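Read the structure below first, then the notes.
The values are calculated or read from the model by the stated rules, or taken from the named source; none is laboratory data. From a predicted model like this one, the values you see are computed outputs, not experimental measurements. Don't worry about glycine lacking a Cβ; one is built from the backbone with ideal geometry, like all the others, and counts go over all protein chains shown.
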Amino acid sequence: MQAFKCYEKAADLGHVKATTKLGHLYYSGVNKQSFSYGYNDYVIAPDRQLALKKYIRAGRKGDSEAYNCAGLLIENTNPIDAVDFYKKAIAIDPKNTNAMFNMALLYYCTMEEKEWHKEAIELMNKAANMGNVKAR
C-alpha cells in the first residue's frame, strides 16, 4: 500500500512513469496477497476505467508504453480507438515493437479485408526485425 501511495504522490507531481504504473495497479488492483498470503481481498479494487484514464494521461505526456496499454485495454470493445492508441505509441517511440505487435494482431484478427492482413504482416515483420521475440 505504501508503494501505491508513493506512485500516486509522484503522479500528482507530474511524474509520467508513476502515472503509467498507477494505471497498471488500477488495472489489476492491489490485493492483500501483496502484503500477506490472503487471496481476493483487495486493498485497491481493479478499476479499468481509472486505469484507462491514467494511461491516457501518461500517454499525453509522452509515454509510449502508456498508449500501448490503453490500446490493449480497449481493443476488444473499441478496436478503432485501440488502433489510434497504438499509432500514438509508435509516433512517440518508433521503436515500440510491442505497440507494433499489438496493432498487427488487432489488424489480422479483426479486419477481414486482405489489405489489413498485408499491413498486419508488414508490422509483424518490422517488429520481429527490430527484436520483438513474440513477433517471430
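Here are a few things to note about the model shown:
- Looking only at residues in region 78-120 that are at pLDDT below 95 and of a type in the set (Val, Ile, Thr), the one that is nearest to Gly62 (Cα to Cα) is Ile80.
- Helices (runs of 4 or more DSSP H) enclosed by region 79-136 - at least 3 residues per element that are of a type outside the set (Val, Ile, Thr) and touching a Gly at 6+ places or on another chain (Cβ under 8 Å): 79-92, 97-110
- Restricted to region 65-115, and to residues there that are in contact (Cβ under 8 Å) with a residue 24 or more places away in the chain and among the basic types (Lys, Arg), the residue that is farthest from Thr20 (Cα to Cα) is Lys95.
- Lys54 assigned to a helix (DSSP H, G or I), more than 12 Å from the chain's Cα centre (by Cα) and either under 26 Å from Val133 (Cβ atoms) or not assigned by TED's automatic domain parsing to the domain that holds Asn132 (or both): no
- Here Arg48 fulfils each of the conditions (1) closer than 24 Å to Ala127 by Cβ; (2) at pLDDT 95 or above apart from (1).
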